[in-house]
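Q: Dropping the structure in here first, questions after.
The values are calculated or read from the model by the stated rules, or taken from the named source; none is laboratory data. Just so it is clear, the structure is predicted and the values come from calculations on it, not from any experiment. Ideal geometry is used to build each Cβ from the backbone, glycine not excepted, and the neighbour counts take in all protein chains shown.
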Amino acid sequence: MGLTKRPFAEPYKIKVVEPVKMTTREYRLEKMREAGYNTFLLRSEDVYIDLLTDSGTNAMSDYQWAGMMLGDEAYAGSKNFYYLEENVQKFYGYKFVVPTHQGRGAEHLLSKTLIKQGDYVPGNMYFTTTRLHQELAGGTFVDVIIDEAHDPTVWHPFKGNVDLQKFEDLIKKVGPSKIPYITIGAPVNMAGGQPVSMENIRAVNNLAHSYGIKVVFDATRGVENSYFIQQREPGYQNKSVAEILKEFCSYTDACTMSGKKDLYVNIGGFVACNDPDLFEELRNLVVVYEGLHTYGGLAGRDLEAMARGIEEAVKDENIAFRVKQVEYFGNLLLEAEIPIVVPIGGHAVFLDAKRFYPHIPQNEFPAQRLAADLYIESGVRAMERGIVSAGRNKITGDHNYPKLELVRLTIPRRVYTQSHLDVAAWAVMELYRNREKAKGLRMVFEPKYLRFFQARFEPIE
Ligand code: F0G
């Protein structure tokens with residue numbers, strides 16, 4: 001078969017390899033039973049292709065590894081911190097930076113600093129850890145994303161956008177003094193990796209600021225969002241991803257960051273802002289929960305790897321390949337008519353379990369079952385992003401029933417080749433061919449917080 005269109009390839013070559021284990025179906029069935037039908041409870045050595053997450057699972061470059069040797073492990077004032085600070089200022093544009101061990105550390109500090117008991121925190125769909133920290137700080141999360149985001153079949157170039165009417169309705173209902181900030185995740189992980197446009201963030205900024213409300217950016221995959229703006233939003237075609245990222249951040253007052261995604265590191269994060277008073281409070285609180293304000297729970301070498309990761313992340317050829325690889329994988333599934341969330345997101349392809357297993361009711365956890373079946377059949381590990389992840393309603397105690405019942409196949413950066421993705425796509429197709437036989441699950445153990453990580457299930461026969 002000849003090539004029919006111009007191929008694309010990795011903007012790097014492989015220097016070190018890590019062998020993976022090949023297993024049998026019987027072996028995997030046994031391991032999945034032991035793991036309570038929860039892919040989070042498998043041992044990684046039993047996984048063939050690991051698409052659980054793109055968080056902390058990336059391959060660092062030789063430039064980052066070389067930086068690890070330059071770790072300045074001083075308790076206070078490590079030079080690696082100052083380099084990180086410089087790069088956050090240069091590429092994200094915020095004035096002040098506080099390092100944290102990962103994204104949720106940043107969310108914890110920011111939520112605790114800004115939210116009072118009884119406050120409301122709007123956001124463009126929730127993220128699990130972000131919402132929980134807002135709730136633990138006494139706030140109530142309110143979803144203000146556009147309706148399209150909740151429909152996996154609707155094509156929209158910026159499906160992560162805020163519905164300004166919903167945002168303004170909330171302000172009028174509860175009063176601006178009860179809304180310390182709005183969180184903007186971009187792209188929106190739980191919606192399928194869907195981006196937010198520059199036009200939308202500008203409008204959010206105007207509306208929020210006209211009521212004295214801050215805008216907080218969850219910048220975890222902000223480089224991916226910037227690439228989508230470059231590709232899809234009129235007027236941005238000739239701008240670099242780095243320029244777009246900086247402009248996007250300029251419409252926000254602060255950010256929380258998990259460096260484990262865009263920045264290619266295995267651990268690390270930060271919270272950054274422009275307001276000196278907010279910075280003082282964050283810098284004070286970090287010493288209680290994470291570590292001194294120049295290391296925030298990280299080793300000097302981790303700070304260096306993250307600082308260098310920023311420089312690589314914003315390079316156009318790197319981010320273009322990253323998103324194209326995800327698109328390639330998604331297109332294989334679309335061509336096979338597998339129900340996935342469209343448009344294809346920046347970090348992952350999401351199977352629509354409601355259409356994949358339409359005969360399994362949502363309270364029998366179809367997405368959880370689909371992720372388990374995928375592992376049993378093929379050794380490919382994915383993650384549930386549906387009713388289990390959505391948790392329970394704070395007031396009624398019933399499950400939250402999200403419209404999206406998804407399985408996420410997440411692509412780590414610089415780790416897998418096109419052939420791995422071909423094999424993973426084939427595994428999904430095989431499963432789809434045999435879908436009628438699948439049955440649901442019953443939950444037999446439920447942890448109190450972020451239950452999806454440790455919940456256990458049994459098959460309904
Ligand atoms: N915000 C977003 C959008 C995320 O995707 C994550 C983590 C966090 C915040 C929290 O960061 O893990 O460093 O504490 N997402 C991972 C995932 C867990 O698999 O999507 P963290």
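Q: Of the residues that sit in the stretch 68-101 and are of a type in the set (A, V, I, L, M, F, W, C) and not in a helix (DSSP H, G or I), which one is farthest from VAL286 (Cα to Cα)?
A: First, pick out the residues of the stretch 68-101 that are of a type in the set (A, V, I, L, M, F, W, C): 68-70, 74, 76, 81, 84, 88, 91, 96-98.
Imposing the further condition that a residue be not in a helix (DSSP H, G or I) reduces the set to 69-70, 74, 76, 96-98.
Values: MET69: 26, LEU70: 24, ALA74: 17, ALA76: 13, PHE96: 13, VAL97: 11, VAL98: 8 Å.
Going through the qualifying residues, I end up with MET69.
Q: Here are GLY309, GLY346, GLY268: which of them is more than 22 Å from THR183 (Cα to Cα) and buried (at least 20 other Cβ atoms within 10 Å of the Cβ)?
A: Values: GLY346 fails: more than 22 Å from THR183 (Cα to Cα); GLY268 fails: more than 22 Å from THR183 (Cα to Cα).
Criteria check complete, one pass: GLY309.
Q: Restricting the search to the stretch 234-249, which residues are in contact with a helix residue (DSSP H, G or I) (Cβ under 8 Å, 6 or more places away or on another chain) and part of a helix (DSSP H, G or I)?
A: If the condition is that a residue be in contact with a helix residue (DSSP H, G or I) (Cβ under 8 Å, 6 or more places away or on another chain) and part of a helix (DSSP H, G or I), then VAL241, ALA242, ILE244, LEU245, LYS246, GLU247, PHE248, CYS249 are the ones that fit.
Q: Which residue out of GLU335, GLU377 is surrounded by fewer than 19 Cβ atoms within 10 Å (Cβ to Cβ) and more than 24 Å from THR23 (Cβ to Cβ)?
A: Numbers: GLU377 fails: more than 24 Å from THR23 (Cβ to Cβ).
Checking each option against the conditions leaves just GLU335.
Q: Has the stretch 64-73 got any residue that is acidic (Asp, Glu) and buried (at least 24 other Cβ atoms within 10 Å of the Cβ)? Walk me through how you get there before you give the answer.
A: Of the residues in the stretch 64-73, the ones acidic (Asp, Glu) are 72-73.
Right, trim to buried (at least 24 other Cβ atoms within 10 Å of the Cβ) and you get none.
There is no residue in the stretch 64-73 that is acidic (Asp, Glu) and buried (at least 24 other Cβ atoms within 10 Å of the Cβ).
Q: May I pose another question? Return the only residue of GLY193, GLY160, GLY185 being in contact (Cβ under 8 Å) with a residue 12 or more places away in the chain, in contact with a strand residue (DSSP E or B) (Cβ under 7 Å, 6 or more places away or on another chain) and either on the phi > 0 side of the Ramachandran plot or not assigned by TED's automatic domain parsing to the domain that holds VAL216 (or both).
A: Values: GLY160 fails: either on the phi > 0 side of the Ramachandran plot or not assigned by TED's automatic domain parsing to the domain that holds VAL216 (or both); GLY185 fails: either on the phi > 0 side of the Ramachandran plot or not assigned by TED's automatic domain parsing to the domain that holds VAL216 (or both).
Within the list GLY193, GLY160, GLY185, the selection yields GLY193.
Q: For the stretch 273-289, how many residues meet the condition of being surrounded by fewer than 23 Cβ atoms within 10 Å (Cβ to Cβ) and in contact with a helix residue (DSSP H, G or I) (Cβ under 7 Å, 6 or more places away or on another chain)? Explain how you work it out, then say what you get.
A: Residues of the stretch 273-289 that are surrounded by fewer than 23 Cβ atoms within 10 Å (Cβ to Cβ), as a first pass: 274-281, 283-285, 287-289.
Subsequent filtering for residues that are in contact with a helix residue (DSSP H, G or I) (Cβ under 7 Å, 6 or more places away or on another chain) retains 278, 281, 285, 289.
Residues meeting the conditions: 4.
Q: Also, quick follow-up: Could you check the stretch 196-224 and list, in sequence order, the residues that are more than 16 Å from the ligand (Cβ to nearest atom) and assigned to a helix (DSSP H, G or I)? Quick ask: steps written out before the conclusion?
A: Just the residues of the stretch 196-224 that are more than 16 Å from the ligand (Cβ to nearest atom), to begin with: 197-200, 202-214.
Within the stretch 196-224, MET198, GLU199, ASN200, ARG202, ALA203, VAL204, ASN205, ASN206, LEU207, ALA208, HIS209, SER210 qualify.
Q: Examine the stretch 11-21 for a residue that is of a type outside the set (Ser, Thr, Tyr), outside the structural domain of GLY269 (by TED's automatic domain parsing) and in contact (Cβ under 8 Å) with a residue 40 or more places away in the chain, and state whether such a residue exists.
A: The answer is yes; a qualifying residue exists.
Q: Might you check whether a residue that is in contact (Cβ under 8 Å) with a residue 60 or more places away in the chain, more than 24 Å from VAL142 (Cβ to Cβ) and within 16 Å of the ligand (Cβ to nearest atom) occurs anywhere in the stretch 354-367?
A: Scanning the stretch 354-367, I find no residue that is in contact (Cβ under 8 Å) with a residue 60 or more places away in the chain, more than 24 Å from VAL142 (Cβ to Cβ) and within 16 Å of the ligand (Cβ to nearest atom), so the answer is no.
Q: Which members of the stretch 180-195 meet the condition of being part of a loop (DSSP other than H, G, I, E, B) and buried (at least 23 other Cβ atoms within 10 Å of the Cβ)? Spell out how you get there, then give the answer.
A: Initially, the stretch 180-195 is screened for residues part of a loop (DSSP other than H, G, I, E, B), giving 180, 186-187, 192-193, 195.
Hits for the stretch 180-195 are ALA186, PRO187, GLY192, GLY193, PRO195.
Q: Related question: State whether one or more residues within the stretch 151-173 are surrounded by fewer than 17 Cβ atoms within 10 Å (Cβ to Cβ), among the aromatic types (Phe, Trp, Tyr) and more than 16 Å from the ligand (Cβ to nearest atom).
A: Yes, that holds for at least one residue.
Q: Then there is this: For the stretch 46-62, indicate whether the set of residues that are in a helix (DSSP H, G or I) and within 26 Å of the chain's Cα centre (by Cα) is non-empty.
A: Narrowing the stretch 46-62 to residues in a helix (DSSP H, G or I): 46, 62.
From what is left, the residues that are within 26 Å of the chain's Cα centre (by Cα) are 46, 62.
So far as the stretch 46-62 goes, yes, one or more of its residues are in a helix (DSSP H, G or I) and within 26 Å of the chain's Cα centre (by Cα).
Q: For the stretch 81-128, give me each residue that is near the ligand (Cβ under 10 Å from one of its atoms) and closer than 16 Å to TYR289 by Cα.
A: THR100, HIS101, GLN102, GLY103, ARG104, GLY105, ALA106, GLU107, HIS108
Q: Something else about it: Cβ contacts < 7 Å: first residue assigned to a helix (DSSP H, G or I), restricted to the stretch 102-116; second residue among the hydrophobic types (A, V, I, L, M, F, W, C) and surrounded by fewer than 24 Cβ atoms within 10 Å (Cβ to Cβ), any location; separation 6+ or different chain. Result?
A: LEU109/LEU285; SER111/ALA137; LYS112/ALA137; LYS112/LEU285; THR113/LEU278; THR113/LEU285
Q: Which one of these is touching a residue at least 60 places away in the same chain (Cβ under 8 Å), surrounded by fewer than 18 Cβ atoms within 10 Å (Cβ to Cβ) and within 23 Å of ALA371 (Cβ to Cβ): LEU29, LEU52?
A: LEU29 is the lone residue from the list that is touching a residue at least 60 places away in the same chain (Cβ under 8 Å), surrounded by fewer than 18 Cβ atoms within 10 Å (Cβ to Cβ) and within 23 Å of ALA371 (Cβ to Cβ).
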